[in-house]
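This report refers to the structure that appears directly beneath it.
The values are calculated or read from the model by the stated rules, or taken from the named source; none is laboratory data. Every value quoted in this text rests on a predicted model; they were computed, and no experiment measured them. A quick note on method: Cβ atoms are made from the backbone with ideal geometry, for glycine too, and the neighbour counts reach across all protein chains shown.
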Amino acid sequence: MAKAIVEIKNVNKFYGDNHVVKDLNMEIAEGEFLSILGPSGCGKTTTLRMIAGFEQQTQGVITVEGERVENKEPFERNVNTVFQSYALFPHMNVTDNVAYGLKMKKVKKPEISERVENALSMVQLEGFGKRFPAQLSGGQRQRVAIARAIINNPRVLLLDEPLGALDMKLRKQMQIELKNLQKRLGITFVYVTHDQEEALTMSDRIAVMNDGVLEQIGVPADIYEKPATKFVADFIGETNIFEAIEVSADAAGQVALKSEIGEITGTDSEFSEGEIVYLSVRPEKTLLSAAPVSGYALRGTVRENIYIGTVTKTTVILQNGQEIRVANAAGSSVPEAGSALYVYWNPSDAVIIHSKSGKIIDAFENVDLSEYVEGSA
Ligand SMILES: Nc1ncnc2c1ncn2[C@@H]1O[C@H](COP(=O)(O)OP(=O)(O)O)[C@@H](O)[C@H]1O
Ligand SMILES: [Mg+2]
């Protein structure tokens with residue numbers, strides 16, 4: 001990783017008794033596009049506001065460019081924020097909106113003009129200087145807000161769901177634009193979103209938060225293909241999850257597991273007999289067979305097929321009622337609704353997630369564990 005420009009060390013934030021950011025540790029690299037992703041209320045905005053200086057952490061240390069920032073006002077930190085509600089002044093034209101901060105700082109007029117022109121060309125709004133916010137589209141207003149934020153050449157730009165108010169099509173277009181802008185500017189973007197697709201599209205790395213806890217930080221492919229926790233597996237994309245006990249492993253790392261419904265198979269480099277884990281397998285890696293498949297006791301009935309253009313989504317209901325989602329690429333054969341089939345996958349396509357607690361979970365109430373628990377065999 002490149003040098004860290006923002007470091008967050010053991011940061012906790014309480015609002016009264018409400019512990020909203022829990023022992024957060026994160027390094028943000030110089031020049032990277034980092035997304036903070038998680039459901040509403042998980043602490044994304046609070047984290048961003050602590051970096052920006054609008055909020056003070058209860059415990060822990062935040063540094064920007066190696067310097068502790070707790071005693072610095074927002075304007076003294078080399079960061080700038082773009083808010084979801086663009087916060088443009090309606091009575092000022094685009095030029096004056098973008099120039100506002102420089103005027104406050106008493107920068108000389110010719111320099112202001114040059115820098116405003118520069119910032120507007122960065123966001124591809126040359127020639128829009130005389131327009132008022134009401135005369136702009138949502139996407140253009142968003143770009144004005146960004147021009148205003150980059151005019152001070154911040155080293156870090158903090159963006160809090162900046163595309164939240166735009167419709168889907170414009171949003172997709174702005175995602176690409178913002179990503180390109182970040183590359184052109186070469187500054188660090190810390191981008192808050194609750195939209196996993198947006199995070200996957202735009203980011204160099206993604207930090208996934210849940211209930212104040214950083215669950216995983218990594219490149220998009222790792223977050224998707226090697227989720228570290230059940231929450232991440234569930235939140236990013238669609239997946240089929242089984243709770244299971246690890247039973248045995250062969251020399252190649254292929255692992256036999258016992259789930260509530262029966263035997264399943266995966267691959268695990270950290271096999272531990274008797275441990276309860278989650279096995280996660282993506283719909284596009286989930287396969288169906290007319291005949292039983294050795295290693296998988298997953299018989300089910302096809303409930304429905306939904307054609308969505310690029311794939312057909314098939315829902316299979318297992319005998320214990322668990323719903324399994326299967327994505328068949330367009331053109332491949334699709335099983336008939338009502339038909340009985342067996343679900344399986346390639347063991348190397350299944351991700352095994354080690355639950356931290358390892359405690360016996362309700363799902364195993366009706367399973368005889370004695371033969372699986374270490375030492376009792
Ligand atoms: N100023 C505040 N005072 C009290 N509680 C707050 C304040 N801001 C946020 N919270 C609470 O902190 C938690 C995290 O909020 P927030 O960081 O805004 O989440 P997110 O941006 O991920 O939706 C929520 O439970 C929210 O209600
Ligand atoms: Mg928020």
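Among the residues of region 21-74, those identified as within 16 Å of ligand 2 (Cβ to nearest atom), within 23 Å of residue 197 (Cβ to Cβ) and part of a loop (DSSP other than H, G, I, E, B) are 38, 39, 40, 41, 42, 43. Within region 58-83, the residues that satisfy the criterion of being of a type in the set (D, E, K, R) and crowded, with 16+ Cβ neighbours inside 10 Å are 65, 77. Those residues that are on the phi < 0 side of the Ramachandran plot, touching a residue at least 60 places away in the same chain (Cβ under 8 Å), in a loop (DSSP other than H, G, I, E, B) and surrounded by fewer than 17 Cβ atoms within 10 Å (Cβ to Cβ), I need them from region 211-254; list them, please. Those that are on the phi < 0 side of the Ramachandran plot, touching a residue at least 60 places away in the same chain (Cβ under 8 Å), in a loop (DSSP other than H, G, I, E, B) and surrounded by fewer than 17 Cβ atoms within 10 Å (Cβ to Cβ): 226, 238. Screening the candidates 195, 167, 160 for the property of being under 30 Å from residue 354 (Cα atoms) and of a type in the set (D, E, K, R) yields one hit, 195. One residue is enough: does region 84-96 have a residue meeting the conditions modelled with pLDDT under 95, within 23 Å of the chain's Cα centre (by Cα), surrounded by fewer than 19 Cβ atoms within 10 Å (Cβ to Cβ) and within 16 Å of ligand 1 (Cβ to nearest atom)? The answer is yes, given that some residue of region 84-96 is modelled with pLDDT under 95, within 23 Å of the chain's Cα centre (by Cα), surrounded by fewer than 19 Cβ atoms within 10 Å (Cβ to Cβ) and within 16 Å of ligand 1 (Cβ to nearest atom). Across region 143-152, not a single residue is classified as surrounded by fewer than 18 Cβ atoms within 10 Å (Cβ to Cβ), assigned by TED's automatic domain parsing to the domain that holds residue 74, in a helix (DSSP H, G or I) and in contact (Cβ under 8 Å) with a residue 24 or more places away in the chain. Among residues of region 264-309 being β-branched (Val, Ile, Thr) and touching an Asp or Glu at 6+ places or on another chain (Cβ under 8 Å), the one that is surrounded by the most Cβ atoms within 10 Å (Cβ to Cβ) is 281. For residue 160, the criteria (1) under 30 Å from residue 22 (Cβ atoms); (2) away from ligand 2 (no atom under 16 Å from the Cβ); (3) of a type in the set (D, E, K, R) hold in every case but one, which is (2).
Among the residues that make up region 181-190, is at least one of them surrounded by 20 or more Cβ atoms within 10 Å (Cβ to Cβ), touching a residue at least 60 places away in the same chain (Cβ under 8 Å), within 16 Å of ligand 1 (Cβ to nearest atom) and assigned to a strand (DSSP E or B)? Yes: one or more hits. Filtering 95, 81 for residues that are closer than 29 Å to residue 165 by Cα and either part of a helix (DSSP H, G or I) or free of Cβ contacts under 8 Å to residues at least 24 places away in the same chain (or both) leaves a single hit, 95.
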